[in-house]
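The values are calculated or read from the model by the stated rules, or taken from the named source; none is laboratory data. The model shown is predicted, which means the values in this text are computed figures rather than measured ones. Note: ideal-geometry Cβ built from the backbone for every residue, glycine included; neighbour counts use all protein chains shown.
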Number of protein chains: 2
Amino acid sequence: MTYRAKIYVTLKPSILDPQGRTVERALSHLEHQNVEGVRIGKYVEMTLSGERGDVEAQVQQIAETVLSNPVMENVRWELTEA
Amino acid sequence: MTYRAKIYVTLKPSILDPQGRTVERALSHLEHQNVEGVRIGKYVEMTLSGERGDVEAQVQQIAETVLSNPVMENVRWELTEA
């Protein structure tokens, strides 16, 4: 089987997000004063072939060790049949 | 009301993604040869206050004009009560 993985990497809530703060300030200057808590993360999609159980373990490992830094970032993912 | 918007920005399928290609090659060297079609996008979260209809229009505008480049990128978003 072939699966499409969608992986979301976000900064942990306790970590400052200067890029998000900059977007927030820019939005505020563009008449969007009701926006706050802007956080910028990464979104990764990939296609994997194999048995579902193996692919799940593989995505978990890739998400934790390659795509994110566990000290600063949280990662979650979902799998759909491609 | 207060809403949390989750916004996903992805490169259009016809646009080359060198960053994704690099990740794909790195994964291939890490024994993940069954991975292909890696695409890297952005994931943005923000909190907005206001009426749902107004907030939806506002998120649509922010997503299209501030967070993405409509020539090269697709954008989609969802809204949940915060």
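What the table below lists for this structure:
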read-out	value
Close pairs (6 angstrom Cβ cut-off, 6 or more residues apart or separate chains): within 12 Å of chain B (Cβ to nearest Cβ) in the range A:10-35, surrounded by 13 or more Cβ atoms within 10 Å (Cβ to Cβ) and basic (Lys, Arg) anywhere	A:17/A:39; A:20/A:39
Search result, residues across the range A:68-82 that are touching a Phe, Trp or Tyr at 6+ places or on another chain (Cβ under 9 Å) and under 20 Å from residue A:11 (Cβ atoms)	A:74, A:75, A:76, A:77, A:78
Set B:40, B:15: member being within 19 Å of the chain's Cα centre (by Cα) and assigned to a strand (DSSP E or B)	B:40
Sole residue being at pLDDT 95 or above, within 22 Å of residue A:23 (Cβ to Cβ) and either more than 11 Å from the chain's Cα centre (by Cα) or assigned to a strand (DSSP E or B) (or both), chosen from B:63, B:5	B:5
Residue list for the range B:61-74, restricted to those being within 15 Å of residue A:27 (Cβ to Cβ) and of a type in the set (A, V, I, L, M, F, W, C)	B:62, B:63, B:66, B:67
Flag if residue B:36 is of a type outside the set (S, T, N, Q), surrounded by fewer than 16 Cβ atoms within 10 Å (Cβ to Cβ) and at pLDDT below 95	no
Single condition residue B:79 does not satisfy, out of (1) more than 19 Å from residue A:40 (Cα to Cα); (2) more than 9 Å from chain A (Cβ to nearest Cβ); (3) within 17 Å of the chain's Cα centre (by Cα)	(1)
Residue satisfying all of: in the range A:55-82; more than 16 Å from residue B:38 (Cα to Cα) and in contact with a Ser or Thr (Cβ under 7 Å, 6 or more places away or on another chain); surrounded by the fewest Cβ atoms within 10 Å (Cβ to Cβ) among these	A:74
Failed item in (1) exposed (fewer than 14 other Cβ atoms within 10 Å of the Cβ); (2) over 14 Å from the mean Cα position of the chain (by Cα), with residue A:48 passing the rest	(1)
Residue match in the range B:55-75 (condition: closer than 22 Å to residue A:49 by Cβ and in contact (Cβ under 8 Å) with a residue 40 or more places away in the chain)	no
Any chance residue B:66 is more than 11 Å from chain A (Cβ to nearest Cβ), out of contact with any Gly (no Cβ under 9 Å at 6 or more places or on another chain) and of a type in the set (Val, Ile, Thr)	no
